[in-house]
Amino acid sequence: MYQICPETSADAPEVEALYDLCFAPGRTALSSYRLRDGVPPVADLCLLLRQSDVLMAAIRHWPVRVADKPVLLLGPIAVHPTAQGEGLGGLLMRDSLSRARDLGWSRVLLVGDAPYYSRFGFSRLDGVEMPPPTNPDRVLGLELQPGAWVDVTGEVMRDLSAQPRP
């Protein structure tokens, strides 16, 4: 039986270990991490998926701004290598996006593989610029409310107005 629960500060070392296991060394040098520096994640959307208290997957969301509009930056999302291909990432993705919609967020951004993320409704965002050296073809967005990305273009910026995580 799988359980989805919010990440707490006590979970952080275990979550970081999962990200280290799933991603290449140097992951924190990616441009998306520069947008996260000094900005707390959206605590209500940082979720863990556990099976019998074993961490199987994790997802985080961060506040950013594009054209001074609030945007969720999704990521990282990771599934333990022993459970990849079982649909856990999709389960966690759909749950977190539903929670984001319920919390009033209207748009989500991520950097990723379009063929994979298109199944969740993400598509390429023209005119939205991640910090270099991000490939523009990998800048994807999702509207949680119809029209949320219409006329929203420009550089993705850190959201320094975000509140610290409890």
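Please compute the per residue accessible area over the chain with all protein chains in place, 1.4 Å probe, rounded to a whole number of Å².
Each residue of the chain exposes 51 Å² on average to a 1.4 Å probe.
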Relative contact order of the chain, defined on C-alpha pairs under 8 angstrom at six or more residues apart (%)
24
Taking every C-alpha to C-alpha distance in the stretch 1-51 and binning by 10 Å from 0, the per-bin percentages run 20, 50, 27, 3
17 Å reach of a label modelled at Val150, 7 Å along Cα-to-Cβ, counting backbone N of the stretch 89-114:
106-108
Where N is the number of residues in the stretch 42-135, Cα Rg divided by 2.2 N^0.38 Å:
1.12
Expressed as a whole percentage, what fraction of the accessible surface of the stretch 1-92 belongs to carbon and sulfur atoms when a 1.4 Å probe is rolled over the protein heavy atoms?
57
Cα-based Rg / Dmax (Å) for the stretch 93-141
11.5, 33
Provide, as a two-decimal number, the C-alpha radius of gyration of the stretch 1-100 over 2.2 N^0.38 Å, N being how many residues it has.
1.06
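The values are calculated or read from the model by the stated rules, or taken from the named source; none is laboratory data. Every value quoted in this text rests on a predicted model; they were computed, and no experiment measured them. Backbone-built Cβ (ideal geometry, glycine too); neighbour counts: all protein chains shown. We work out accessible area using only protein heavy atoms, side chains counted, and drop any ligands, DNA or RNA first. Shrake-Rupley method; radii C 1.70, N 1.55, O 1.52, S 1.80 Å.
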